[in-house]
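What follows draws every value from the coordinates through simple rules; no lab data is involved. Note that the structure is predicted; figures quoted are calculated from it, not measured. Every residue, glycine as well, gets a Cβ built from its backbone with ideal geometry; the counts of neighbours run over all protein chains shown.
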Amino acid sequence: MAATLIVGMLCVHLLCFAAMFWLIGRRLQGNRLGMDAFALGNAMLGLVYILQLLGGPAGWDALSAANHALTVCTPAAYWVGAMRFFGRDAPLLRPLLALGLAYVAAQVLVQWLAGPVARYAMLSLVMALMFLAMTVAVVHAMRGAARDLRVEMALFALLIGGLGVLNAVKCVLVARDGLAALSMGSRFQVVFYIYMSFLATVLAPTMIWLVLRRLTDELRATAARDPLTQLLNRRGLLAGLEGHFRARTAGPARLLLLDIDHFKRINDSHGHQAGDVVLCHIAEVLRGALRSGDLASRTGGEEFVIVCLDADDAGAMRLAERLRSAIEQQAVPVPGAKEPLRCTVTIGLSRAFHGPDGLDAAMQEADAALYRGKASGRNRVE
């Protein structure tokens, strides 16, 4: 009776969160962060337990075969959801359908060759191996795509690993005691259902928390970047400087102010679309030429700001000259133009400054140097 009540409550919990995941996915435009796959996984797992309540004692029938196929497909749906959450496009329905049909065929074969005990033991073994693989994948992701979510991923690894252990124990019990080990009233089954209820209670809100965190991070990143070039804007530049100077070993910074020569002429002659292409090209050159840790931003119009961190005057001058030369040598293909455009830049350098509060003074120094460079003929570093 207790196990039946736990399973019934678990069904309600899973189906409610399936509806919630589906609604969240509907509200997310474009990238749904895997919510549709998580919703399907929860719905399938809820259906698994509904079929278990309807099917009665363990045995061989259509409901049991469907139950086992859905059970195997559920972790696969969650896996697809995780891949989509981390930005990897992964198909959902066709692979799940193929997996379900393949497992039905495997069940028929094992039932015919070895009987129902082997079929139930096979399910527990397959689930244990799937959860073991998922645990290893989560631990691996903590070093890569999910390194900014290490605490959450460690929790996932622990809970999924526990589920793998329980399925491995179930496989041993079924092989030893037969179908009696799967009785709803057995001590192991009660423990298993309690763990599943705990797992569902913890994982579903954690998934929602991860979605909210990802959306918040994306909003913060959007607010800190120029929408055209995806370089930092002034807010992002200040945040980067504050992060650098927060470290005790932070060295001085030097500012480069870069301005595209005769940019108005480009807009007037070829249109603002060509001007946008040139701005994006300059941004790409900056991303390719800067050292790791240096900050690049577009402060507006045709002006770019580069902050060299932990560099001396000679190093900043070499970087500025490398940028000027790279931009001069690379032609910019522009839609509608007969031939690629060539443009040059003038760069003004500031003296070293030692904190975020020195940014405005450095901007003024670099702007004065830039003005001198423009007056001296452009396409130069001053």
Counted neighbours (other Cβ, 10 Å), sorted fewest up, put His68, His140 in the order His140, His68
Sort Arg27, Arg322 so the one with the fewest other Cβ atoms within 10 Å of its own Cβ comes first. Arg27, Arg322
Length gained if Thr206 through Thr4 is fully extended, taking 0.36 nm per residue and subtracting the Cα-Cα distance, is 70.1 nm
Averaged across orientations, what area in nm² does the convex hull of the alpha carbons in segment 2-223 project? 11.9 nm²
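Quick one, could you list the DSSP H helices from the chain stretching 27 Å or more along their long axis (Cα atoms) with average Kyte-Doolittle hydropathy of 1.6 or above?
On the way: long enough: 2-27 (38 Å, 1.67); 35-55 (30 Å, 1.45); 62-85 (34 Å, 0.76); 93-114 (31 Å, 1.48); 116-141 (37 Å, 1.74); 150-177 (40 Å, 1.36); 187-223 (54 Å, 0.83).
TM-like helix candidates: 2-27, 116-141.
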Selected from Ser183, Ser269, Ser197 as most flexible by GNM, with the chain as the system and alpha-carbon contacts under 10 Å: Ser269
Label-point separation, Leu97 to Gln329 (7 Å along Cα→Cβ), nm: 5.5 nm
Using a cut-off of 18 Å between alpha-carbon atoms, which lysines can reach Lys264, once sequence neighbours fewer than 8 places away in the same chain are excluded? Lys374
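Tell me whether segment 74-179 comes out rounded, prolate or oblate; compute the Cα gyration tensor, take square roots of the eigenvalues as a ≥ b ≥ c, and use a/c under 1.5 as the rounded threshold. Intermediate values should be presented prior to the final figure.
Values: a/c = 4.24, a/b = 1.59, b/c = 2.67.
Oblate shape, in that a/c is at least 1.5 and b/c is the bigger or equal ratio.
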Principal semi-axes in Å for segment 234-375 [√(5λ), Cα gyration tensor, largest first]: 28, 14, 14
Percent of all Cα-Cα pairs per 5 Å bin for segment 223-303, counting from 0 up to the last occupied bin, reads 3, 14, 23, 23, 16, 10, 6, 3, 2, 0, 0
With Cα springs under 10 Å, the Gaussian network model of the chain assigns the largest mean-square fluctuation among Pro95, Pro335, Pro252 to Pro335
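What relative contact order, as a whole-number percentage, does segment 2-223 give when Cα pairs under 8 Å and 6 or more residues apart are counted?
On the way: 237 pairs, mean separation 46.0, N = 222.
The value is 21 percent.
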Starting from the Cα-Cα distance between Glu284 and Leu238, subtract it from 0.36 nm times their residue separation and give me the gain in nm to one decimal. 14.4 nm
In nm, to one decimal, how far is the modelled label at Leu179 from the one at Thr344, with both set 7 Å along Cα→Cβ? 8.8 nm
Under the 0.36 nm per residue contour assumption, what length would be gained going from the current alpha-carbon distance of Lys374 and Ala19 to full extension? 121.6 nm
Mind sorting Met130, Met35 by how few other Cβ atoms lie within 10 Å of their own Cβ, fewest first? Met130, Met35
In whole angstrom, how far apart do the alpha carbon centroids of segment 228-256 and segment 123-155 sit? 35 Å
